[in-house]
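J.: Here it is, the structure, as structure tokens.
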2 protein chains.
Amino acid sequence: MKALTEIPQAPGRIGRIGRAGRTGRAGRSDTIYEVAQQAGVSIATVSRVMRGTAGVAPDTRERVLRSVSDLRYTPSRSARSLAEGRHAASGIVFPDLSGPYFAEVVLGYEEVAAETGRSVLILTTHGREAARERVLDLAARVDGMVVLGRTVGDDVLAELVSKGLPLVVLARYPVEGADSVNAANEASAYALTTHLARDHGHRSFAFLGDAGASTDTSDRWRGFTQALADCGVPVPSAPVPCPFDEDDGRAAAERLLVDRPPRALVCANDEIALGAITAAEALGLRVPDDLAITGWDDLMAARHSRPGLTTVSQPMRALGALAAHRLHERVAGDRNEPRHEVLPTQLVQRASCGHHPEENR
Amino acid sequence: MKALTEIPQAPGRIGRIGRAGRTGRAGRSDTIYEVAQQAGVSIATVSRVMRGTAGVAPDTRERVLRSVSDLRYTPSRSARSLAEGRHAASGIVFPDLSGPYFAEVVLGYEEVAAETGRSVLILTTHGREAARERVLDLAARVDGMVVLGRTVGDDVLAELVSKGLPLVVLARYPVEGADSVNAANEASAYALTTHLARDHGHRSFAFLGDAGASTDTSDRWRGFTQALADCGVPVPSAPVPCPFDEDDGRAAAERLLVDRPPRALVCANDEIALGAITAAEALGLRVPDDLAITGWDDLMAARHSRPGLTTVSQPMRALGALAAHRLHERVAGDRNEPRHEVLPTQLVQRASCGHHPEENR
DNA sequence: GGGATCTCTGTAAGCGCTTTCATCGGGTCC
DNA sequence: GGACCCGATGAAAGCGCTTACAGAGATCCC
């Protein structure tokens, strides 16, 4: 074994002289230098052991590992990131919209990201304030990023792409240089609307939701109008504007139903739909006898509401997981040409869209 | 203005010679050196401008800012963290338990963390696999951490504390050296159970949930038994074991109800309770006439279920937000003595616990 | 008018790692 | 027995920042 002197390894590392020994102060985290010293090896060897790089003699490795566990050494992540030029982390950006939707997407995402050895940073943009800055800050902490729906403008995304940051958008129209993952909104809207018009024979429709607010909603509106046109049913000129939560849905539905109630009300998500059911009942309308109502997302509450809410089930976890996989491929450099994927959804028929004589419940 | 030579600033920085100019390659992120060079100043000045440190002449600042925006420069986060010795990030660790509960807590947390200028890293421990390693890895990336319920053992938490990492536990019993934030589980269990026994006169009870699975549940069990004892009602010897989700609740309730149905069933959360309602109805029991059922959390579905579910509303966002505040104080060094806080909950009476003659609905 | 003070800027060390390259001490090979 | 190779290790540069310290002018005061 070589003798250890107090002379620092690198000429420039003068500061080391003063802090060679452990202070023993609680909270002071050890560095690779302390481990190396305790094990009687150089920091290079410690690094090799920590990273599992080949070419360390078994007994040396053993000695280093002992010091590591003695000192409870954990490498500094920032130092490692700086030296490696990567973060081993990825980010996911979503609007506030608290509902279960985003939670599920994030969970699906996190699970896969953890498998691929990446930490996950989350960022909610709530409305607007400083979203650009926050996203750019996040971008500096990760190797790649998933951006959901209404969070920041395409200009910001373009900026990220131009910095060379791997990017996947989710529930949002593709942007140049990024992958995209979406649910089959237009198709499911078409199927849902056709079911209402053809199977139940409804002839007067309204669509509740803000088509400008998200690409999901605008795709649903498109599928909705297309289906009506194909069924020869009058097409409303525009959606009835309505934000995303239950109270908004109730308020908007109340105004609409007092005014000129349609026979069927297609809502952009379950929360709006549940609010609309409450509003309809308050006005003395029976659902589905007087008014059919449908939602989107198949929340837990849709299953338990009275009447059960007909809705569209989306593979939320799968969306998150797929986004994570695509991002991983990008980061790993496995692929360069962009991929745009659309996951299938499923129509969930319950009582709120009308009676199904042949089905139970 | 000083002349800029190709001689590197620091003697050790020899590598700089070869890469002084921008390559222009897309995806290559600029460094402080490029900005300094373009603005004709030293990197120290650029750093001062970026951080808003006082003492930079207005026109110099102007020039630097122009270069920064020309080059779309974003400082390297790892380099900054390494130099500053901090991450400007904090972590939150939770079990898988996907329900809305955790999502809300995390959102409340993230909001506050963002306000205090910290990024948020999330980690779910799903079950158990490698939880310790994952948590320690996370610990190396953050300045402080919040740990929820059933995730890792107290030994791991102690290890974090001994490393000097500021720590807050949430929905979990306090550990030495960490703050804690909890909801008033025992008190709300006591109030809920008393309501069932005293106001509705129920005399035969069961508790559905795994008391060993989380401190929340075990506190609820404790408040439950205490209330029964105080009301002179027979106390079950143990909870009826049951995991956390709806299917589990249904299955466990089915077994229980066939066997020896109680008059009132207190469930450890809403999902179990909703499953139990389904089971009861399938067995031909009317809720609440034959069987009273209650939950916890006041999920959206509790409000929409039929009958409406009597439950306990917990301030989930507030719990997350409070944890973030306490963590911030710790990280900022504003406080050293630990704080343990309990947030009040609210009993939400709906139809599932029995008829309330004097109340509507 | 000359030292004291202030303002602005640059120099260089240091943060804790990774990794290239050089070195060293044995075997191996004919 | 010398040329060679190979495995194990260490020295040192470099990742991109922050910041203590020093220096250069400009300003001030008596």
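Throughout, read-outs are computed from the coordinates displayed, never taken from laboratory work. Note that the coordinates shown come from a computational prediction; the quantities given were computed from them, not determined experimentally. Neighbour counts run over all protein chains shown; Cβ positions are idealised from the backbone, glycine included.
J.: Could you work out the per residue convex hull volume over the alpha carbons of the protein assembly as shown, in cubic angstrom?
T.: Here the figure is 201 Å³ per residue.
J.: Then there's this: What number does chain B give for Rg over Rh if you use C-alpha atoms and the Kirkwood radius? Show your work: numbers first, answer last.
T.: Values: Rg = 28.1 Å, Rh = 23.8 Å.
With Rh from the inverse mean 1/r over Cα pairs, Rg/Rh is 1.18.
J.: Another question, then. If each label sits 7 angstrom from Cα along the C-beta direction, how far apart, in nm, is A:G333 from its counterparts in the other copies?
T.: Label-point distances to the other copies, shortest first: 4.2 nm.
J.: Using a 7 Å offset from Cα along the direction of the beta-carbon, what are the separations from B:D247 to the same position in each other copy, nm, ascending?
T.: Shortest to longest, the spacings are 3.6 nm.
J.: Name the residue, out of B:S214, B:S162, B:S67, whose mean-square fluctuation peaks in a Gaussian network model built on chain B with Cα pairs under 10 Å.
T.: B:S67
J.: Using 0.36 nm times the number of residues separating B:S204 and B:R132, minus their current alpha carbon distance, what extension gain do you get?
T.: So the extension gain works out to 21.7 nm.
J.: Within 10 Å of each Cβ in A:96-102, how many Cβ atoms from other chains are there, averaged over the peptide?
T.: 4
J.: How large is the convex hull of the Cα atoms of the range A:273-353 per residue, expressed in Å³ as a whole number?
T.: Details: hull volume 7.3 nm³, N = 81.
Dividing the Cα hull volume of the range A:273-353 by its residues yields 90 Å³.
J.: So, counting K/R as plus one and D/E as minus one, what does the shell of residues with Cβ under 13 Å around B:E111 add up to?
T.: Summing Lys/Arg as +1 and Asp/Glu as -1 gives -2.
J.: Could you put B:E341, A:E246, B:E271 in order, starting from the residue whose Cβ has the fewest other Cβ atoms within 10 Å?
T.: B:E341, A:E246, B:E271
J.: Okay, moving on. Taking each residue in B:107-117, count the Cβ atoms of any other chain within 10 Å of its Cβ, then average. What number comes out?
T.: Across the residues of B:107-117, the mean count of other-chain Cβ atoms within 10 Å is 3.
J.: Rounded to the nearest 5, what is the percent of antiparallel bridges among the DSSP beta bridges in the protein assembly as shown?
T.: 15 percent
J.: With N set to the number of residues, divide the alpha-carbon radius of gyration of the range B:86-152 by 2.2 N^0.38 Å and report two decimals.
T.: With N residues counted in the range B:86-152, Rg over 2.2 N^0.38 Å equals 1.07.
J.: Let me ask you something else. Give me the inter-chain shielding for A:83-95: mean count of other chain Cβ atoms within 10 Å, whole number please.
T.: Mean partner-chain Cβ count within 10 Å for A:83-95: 2.
J.: Could you list which residues have their amide H under 5 Å from that of B:S119, counting only those 5 or more apart in sequence or on another chain, with H placed in the peptide plane?
T.: B:A89, B:S90
J.: If I take all pairs of Cα atoms in the range B:118-242, what percentage of them are more than 25 Å from each other?
T.: Taking all Cα-Cα pairs of the range B:118-242, the fraction more than 25 Å apart is 39 percent.
J.: Can you compute the helix-only [θ] at 222 nm over chain A? Use -39500 (n - 2.57) per DSSP H run of at least 4 residues, normalise by all residues, nearest 500 deg cm²/dmol.
T.: On the way: 13 runs with 149 residues, N = 361.
Value at 222 nm, helices only, nearest 500: -12500 deg cm²/dmol.
J.: Please arrange B:L196, B:L265, B:L170, A:L256 by counting, for each residue, the other beta carbons lying within 10 Å of its beta carbon, fewest first.
T.: The order, fewest Cβ neighbours first, is A:L256, B:L170, B:L196, B:L265.
J.: Which residue, A:V235, A:V64, A:V135, tops the fluctuation ranking in a GNM of chain A built on C-alpha contacts under 10 Å?
T.: A:V64
J.: Follow-up. In what sequence do A:V156, B:V233 fall when counting other Cβ within 10 Å, fewest first?
T.: Neighbour counts put them in this order, fewest first: A:V156, B:V233.
J.: Moving to a separate point now. Amide H neighbours of B:V169 under 5 Å, counting only residues 5+ apart in sequence or on other chains, H built in-plane at 1.01 Å?
T.: Excluding prolines and chain starts, which carry no amide H, the hits are B:V147, B:D179, B:S180, B:V181.
J.: Can you list, shortest first in nanometers, how far B:A79 lies from the same residue in the other copies, with each label 7 Å from Cα toward Cβ?
T.: For B:A79, the other copies' label points sit at 1.8 nm, shortest first.
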